[in-house]
Amino acid sequence: MALQNNEQSTNLLHSQAHIWNHIFNFINSMSLKCAIQLQIPDIINRHGAPMSLSELVEALSINKERAPFVYRLMRILVHSGFFMKQTISTNENEEKKEGYLLSPASRFLLKDEPLSIRPFLLAMLDPILTDPWHHMSEWFQNDDITPFHTTHGRKLWDFAGQDPNLNRFFNEAMGSDGRLVTSVILKQCGDVFKSLNSIVDVGGGIGTVAKAIVEAFSDVNCICFDLPHVVNGLVGNKNLSYVGGDMFDSIPKADAVFLKWILHGWSDEECIKILLKCKEAIPSKENGGKVIIIDMVLKNNEGDKEFVETQLFFDMLMMTVVTGRERTEKDWAKIFVDASFSDYKITPILGLRSLIEVYP
């Protein structure tokens, strides 16, 4: 009986710890956001060697009365894998010191890193996008389209059209992601663009992807197509033009339509409408027409636990701020068929996301 009671107590305490861990999971992301805002990765990187706690405190623009708390912030970030600790060489008679170094992941948080994820982090953790999570249960009980609408009284895209701050940080976030994604695609499967004379980047934001494509393929003409408030005032060149409009009304004609991280933000019915407009904009399959999609393909709990969990996080994000969802290959196939496309090809080269080519 005592053994049984011990097992019950152990299970109870494990369950409590599991719940606590999930209750406080947000502390990882908020601690990381704090480090970014204090520019800790950049300060350590500029130091050029393992940086002691005292050196870090001295370099930070903080109230020096907060100095004792910097260690605690760094401790959680070391535990999370964003920084590493290394012994600093000292004289034999001196007490050994430890210094902080960047981890491989934190290099993508540097302000001047070309492939920095910093703008994406700051955008996703802005109160505009985190507040809707506090209203999710309320949304389940009302008729609003999303928890974002419950919180802010309008859709995300309507809010962005009227709020310059949201429009700016959202476009910066998508731009930073575009640089990373395009660098991988151009290196690993640039052939996807080689036979094309023209591409329209739908939802192309400020043109980050479009610029990379025309730089890599000087013979390709690229149209960056987005809502008028996004592209107004942007200036192109001989191979790049900006066009404002609504993808639900019409899409400029081109050999291919490029949709990076667009369709996961919309419901199946809305995706079919978008794809039908894409089909109207491109030539037949025999004449080289296709739609190029960058999006997730859910693996139904197969593979790395963190990988799957992150995809599920994104699915919940799409439910919370827009009307979309992340999809399995079966889900994608049904949408393509319902939009009257004949075939598709999935190339899983983008980590959590895949390159999907869809043919009319």
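Every number in this text was worked out from the coordinates using simple rules, so none of it is lab data. As the structure is a computational prediction, the values presented were derived from the model and not from experiment. With ideal geometry, Cβ positions are generated from the backbone for all residues, glycine too; neighbour counts draw on all protein chains shown.
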Report, in degrees rounded to the nearest 10, the 0 to 90 angle that the Cα long axis of helix 67-79 makes with the longest principal axis of the chain.
-> 60 degrees
Gain in span if fully extended, Phe140 to Leu234, counting 0.36 nm per residue against the direct Cα distance | 29.8 nm
Gain upon complete extension [Leu352, Leu186; 0.36 nm per residue less C-alpha separation] | 58.0 nm
Which angle from 0 to 90°, rounded to the nearest 10, does the C-alpha axis of helix 268-281 make with the longest principal axis of the chain?
-> 50 degrees
Chymotrypsin sites (Phe, Trp or Tyr not before Pro), restricted to segment 244-298: which are DSSP loop and have at most 15 other Cβ atoms within 10 Å?
-> Phe248
For Val337 and Ser80, FRET efficiency with R0 = 45 Å and r from the beta-carbon atoms, rounded to 0.05?
-> 0.60
Nitroxide proxy distance, nm - points 7 Å out along Cα→Cβ at Leu73 and Glu280 | 5.2 nm
To the nearest 10 degrees, the tilt of helix 305-321 (Cα long axis) against the first principal axis of the alpha carbons of the chain is 60 degrees
Find, among the trypsin sites (Lys or Arg not before Pro) in segment 103-184, those assigned to loop by DSSP (not H, G, I, E, B) with at most 12 other beta-carbon atoms within 10 angstrom.
-> Lys111
Considering the chain as a Gaussian network with a 10 Å cut-off on Cα pairs, which listed residue, Lys299, Lys85, Lys96, attains the greatest mean-square fluctuation?
-> Lys96
Within the chain, helix-based [θ] at 222 nm, where runs of 4 or more DSSP H residues each add -39,500 (n - 2.57), nearest 500 = -14500 deg cm²/dmol
Take the alpha carbon atoms of segment 242-289, find their center, do the same for segment 106-126, and report the distance between the two centers in whole angstrom.
-> 29 Å
For segment 134-181: rounded, prolate or oblate by the Cα gyration tensor [a/c cutoff 1.5] | prolate
Go through segment 167-172 residue by residue and turn each phi into a ³J(HN,Hα) via Karplus (6.51, -1.76, 1.60, θ = phi - 60°); whole Hz please, and just put x for glycine and proline.
-> 4, 5, 6, 5, 5, 5
For segment 175-303: rounded, prolate or oblate by the Cα gyration tensor [a/c cutoff 1.5] | rounded
For the chain, what class follows from the C-alpha gyration tensor (a ≥ b ≥ c being the square roots of its eigenvalues): rounded when a/c is under 1.5, otherwise prolate if a/b is larger than b/c, else oblate?
-> prolate
Calculate the spin-label point distance for Glu270 paired with Arg107, positioning each point 7 Å from the Cα along the beta-carbon direction, and give it in nanometres.
-> 3.8 nm
Just for the chain, what percent of DSSP beta bridges are antiparallel, to the closest 5?
-> 50 percent
Given 10 as the ceiling on other Cβ atoms within 10 Å, longest exposed-site-free region of the chain for GluC sites (Glu not before Pro) in DSSP loops | 96-301
How about Lys279: which lysines have a C-alpha closer than 18 Å to its C-alpha, ignoring those fewer than 8 places off in the same chain?
-> Lys253, Lys260, Lys290, Lys334, Lys345
